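All remarks here apply to the structure that follows.
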Amino acid sequence: METETPMPFDSSLLEDRFTIVPRLDRPSTYKDHQYQGTATQWSSDLAKTTTLYVGNLSFYTTEEQLYEIFTKAGEIKRIIMGLSRNTKTPCGFCFVEYYTHESALECMKYVNGTKLDDRIIRTDLDPGFREGRQFGRGRSGGQVRDEYRQEYDEARGGWGHMRAKQEEERRRQQDDSYEAIATVPAGAELQINSRLGRGSPGRNGY
């Protein structure tokens, strides 16, 4: 009786099985264009960092709210709120510094993608905060994303900066179009009286 020769085991199938779901603590491919080091240094910094960048926040989210949610992943060293360069008010991002790298990874696993003030917050490993990074880089002082945002977002100041200018110009043009008529054109009063069923006034007003 002939026996079937078993097929060789393809280890790549097993590898694919366990790489379908990406690691939740893996940083994104984003690299800060103002980072001074090389790509290798960037990767090395992320491998030991204790700092997270947090984005997509409401302008009204408080530091106390951030402490409450981010302490679930570990003890926090400090939180640096992102501010508008012009107004020095919150503009939708922050940096969270933990005491350990492990706490930062735990945050990536369990806090990233959760809701805060009805918004999905995004966290990413960051090579480390330095003075000046707390300010927005957009021309209007806030974040660059809010310069070009076309949709209305009440939690992030309403319209994006450029769209807000367009809306302001549109309202100005409407106001100019509907400017009150200072004088009644000749004959207009007769037409109005006719539509209201009033006769033309006689010489004596009758």
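Restricted to the range 1-33, and to residues there that are more than 29 Å from GLU75 (Cβ to Cβ) and open to solvent by less than 100 Å² (accessible area, probe 1.4 Å), the residue that is modelled with the lowest pLDDT is LEU14. Looking at this structure, is THR51 of a type in the set (Val, Ile, Thr), within 25 Å of the chain's Cα centre (by Cα), under 17 Å from ASP124 (Cα atoms) and at pLDDT 95 or above? Considered against the rule, which asks whether it is of a type in the set (Val, Ile, Thr), within 25 Å of the chain's Cα centre (by Cα), under 17 Å from ASP124 (Cα atoms) and at pLDDT 95 or above, THR51 comes out as yes. Only one of the numbered conditions (1) open to solvent by 40 Å² or more (accessible area, probe 1.4 Å); (2) under 16 Å from ASN56 (Cβ atoms); (3) modelled with pLDDT of 95 or more is violated by PHE70, and that is (1).
Within the range 116-137, the set of residues being open to solvent by less than 30 Å² (accessible area, probe 1.4 Å), part of a strand (DSSP E or B) and within 13 Å of LEU52 (Cα to Cα) comprises THR123, ASP124, LEU125, ASP126. In the set (1) touching a residue at least 24 places away in the same chain (Cβ under 8 Å); (2) on the phi > 0 side of the Ramachandran plot; (3) touching a helix residue (DSSP H, G or I) at 6+ places or on another chain (Cβ under 8 Å), the condition left unmet by GLY158 is number (1). Candidates are the residues of the range 83-110 that are open to solvent by 70 Å² or more (accessible area, probe 1.4 Å) and within 12 Å of LEU125 (Cα to Cα); the one that is modelled with the lowest pLDDT is LYS109.
Residues in the range 73-82 that are part of a strand (DSSP E or B) and open to solvent by 50 Å² or more (accessible area, probe 1.4 Å): LYS77, ARG78. Checked against (1) part of a strand (DSSP E or B); (2) among the charged types (D, E, K, R); (3) open to solvent by 60 Å² or more (accessible area, probe 1.4 Å), GLU64 passes all but condition (1).
The values are calculated or read from the model by the stated rules, or taken from the named source; none is laboratory data. None of these values were measured; they are calculated from a predicted model. Note that we place each Cβ from the backbone using ideal geometry, even for glycine, and neighbour counts take in every protein chain shown. In case anyone asks, the SASA skips ligands and DNA or RNA and just uses the protein heavy atoms, side chains included. Shrake-Rupley method; radii C 1.70, N 1.55, O 1.52, S 1.80 Å.
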